[in-house]
Amino acid sequence: MSHPEPRRVLGWPVRTVVITAAAALVVLIVAIVVARWWRGTDAGASFLSAFPGEVEPAAGTPVGFPAWLNWSHGLNAFFLLFIVTSGLRIRAKQRPPAFWTRDPERFPKLKGKPGRLSIHVWWHLVVDSLFVLNGLVFVVLLFATGQWMRVVPLSWDVVPNALSAGVQYLSLDWPAHHGWTNYNSLQQLSYFATVFLAAPLALLTGLRLSPGWPASWKRATGILGDLFARRVHALVLWYFVAFTIVHVGLVMTTGALRNLNTMYAARDADDAVGLIVFVVSLLLVVGAWFLLGPGRVIAIAKRTGTVREMPAPKKP
């Protein structure tokens, strides 16, 4: 007698997801209690006094945010929604509604036999390409305008100050926030890691797993191995998910109006302009989510190759 398959959430059994979430909540509560206790001790108070949580910006560091940075930030949020959701569908091994094959007549310069991709993988690669293009423009402008000085640590003092900021966040007594002029050290390290470590890792492991990776460069094990690339790619995906959740949470709880003005309206103010822009951008993202459903994605895919749609699964 066969047993029914356990219910799953994004590829994991529901029980595993619930236990993991409960364990994470317990760990967070314990960390909050310990942080609040420690900062009340003489050692904790002395450490926070010596390292307030931020490092004075270097001379010449730009003040404020240019409009191009706001646009790039908004596009990143837009692309990440589709990258993460399509990546989770791939990881969960959901049955794709269609398969895409490159049309050699439309792309005659591409060598090799056209391979078949699930529509989830095809869409993931398309949005990834747009995300990478936006990222390249962002990095070029970051260094061309001097904005790199805001996200690249220039002193080892950033390490103890990042620990200090982390303790202050965990104790629910936020560190000083001067986002218009400089980030606190924990913000700086997390943004640096996201831009210069996580994003390149996602790109490199994604290229290794892509159908365009040369067969002669593939290895069964090691850094070029398929298993290694999949594990690192999955870890980076979850890093982006965790970063987004924490980032949005702190934006909304550490002065939402000023933060949204900084991030979406390129202005240092406490009015509702940034909030309005944010809400409009959010509505656009939600609209795109419904507009770019499986049917529309398949229609787009048909313009670039041959698409074989699969019959709908039979209801039990």
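Rule-based calculations on the coordinates, nothing more; no lab input. Because the structure is predicted, anything quoted here is derived from the model rather than measured. All Cβ positions, glycine included, derive from the backbone under ideal geometry; neighbour counts span all protein chains shown.
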(message) Show me, bin by bin at 20 Å from 0, the whole-percent P(r) of the chain based on Cα pairs.
(response) 25, 54, 20, 1
(request) Report the relative contact order of region 10-309, percent, no decimals, based on alpha-carbon pairs under 8 angstrom and at least 6 residues apart. (result) 25
(message) Per 0.36 nm of contour for each residue apart, how much would the distance between A269 and V241 grow if the chain were fully extended, relative to their Cα-Cα spacing?
(response) 7.2 nm
(message) Order 128-136, 248-256 from most to least packed using the mean count of other Cβ atoms within 10 Å.
(response) 128-136, 248-256
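At a 10 Å Cβ-Cβ cut-off, how would you order Y183, Y191, fewest neighbours first?
Lowest to highest Cβ neighbour count: Y191, Y183.
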(request) For region 123-140, take each phi angle, set θ = phi - 60°, evaluate the Karplus expression 6.51 cos²θ - 1.76 cosθ + 1.60, and give the result in whole Hz per residue in order, putting x for glycine and proline. (result) 5, 4, 5, 5, 5, 4, 4, 5, 5, 5, 4, 4, x, 5, 4, 4, 5, 4
(request) Could you go through region 153-159 in sequence order and give the Karplus-derived ³J(HN,Hα) for each residue, using 6.51 cos²θ - 1.76 cosθ + 1.60 with θ = phi - 60°, rounded to whole Hz, and x for Gly and Pro? (result) x, 10, 8, 5, 4, 5, 5
(message) I'd like the Karplus ³J(HN,Hα) series for region 42-49: coefficients 6.51, -1.76, 1.60, θ = phi - 60°, whole numbers in Hz, and an x wherever there's a Gly or Pro.
(response) 4, 5, x, 5, 5, 5, 5, 6
(request) Take each of the peptides 32-40, 263-271, average the number of other beta-carbon atoms within 10 Å over its residues, and list them starting from the highest. (result) 263-271, 32-40
(message) I'd like the FRET efficiency for V248 and V140, computed as 1/(1 + (r/R0)^6) with the beta carbon distance as r and R0 of 25 Å, rounded to 0.05.
(response) 0.40
